[in-house]
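First the structure, in the form of structure tokens, and then the observations on it.
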Amino acid sequence: MLSRTSILRVVSKLLIPPIGLYALYVQFHGDFGPGGGFQAGVIFATVFILYALIFGVTNARLVAPSWLTRAMLASGVLLYAGVGVASMLMGGDFLDYSQLATDPIAGQHLGITLIEFGVGITVAGAMITIFLIFDGRIRVDDDDEDG
């Protein structure tokens, strides 16, 4: 006889990949329709949170240690700022995407894609970090895993 835990584990293993794929769809379709980096980041974080709820926070911490979530937070912000600085170095204003390519339309597309990707990484890292802090097993100043 199957227990409720077994059923939840099997169902979550079936749901996690499509939810992650949907997060990627929202991420890269955001400049053409509804969605974008924030929504994709939250959806991607729900994949991690679902995993943590079903398989335990200890196992989830093996998947996303604190150094990884902190790197996600920093790299997303750096990507966002880096696109703005790159557009300034190419002769435009901060976040003037049209400077990023020879064709202004291609530059706009490249710029918004990179910006939305940076926002998605940051939001996912923030949501995962908030979830783990609310779990109570880590503190904001917990550096024992980072060395």
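Worth a mention:
- Region 73-102, subset closer than 30 Å to I130 by Cα and of a type in the set (S, T, Y), residue surrounded by the most Cβ atoms within 10 Å (Cβ to Cβ): Y80
- Exclusive hit being in contact with a helix residue (DSSP H, G or I) (Cβ under 8 Å, 6 or more places away or on another chain) and either within 30 Å of T5 (Cβ to Cβ) or assigned to a helix (DSSP H, G or I) (or both), set I112, I130: I112
- Verdict on R70 being under 13 Å from the mean Cα position of the chain (by Cα), among the charged types (D, E, K, R) and assigned to a helix (DSSP H, G or I): yes
Rule-based calculations on the coordinates, nothing more; no lab input. Keep in mind that this is a model prediction, so the values were computed, not measured. Glycine also receives a Cβ, built like all others from the backbone with ideal geometry; neighbour counts cover every protein chain displayed.
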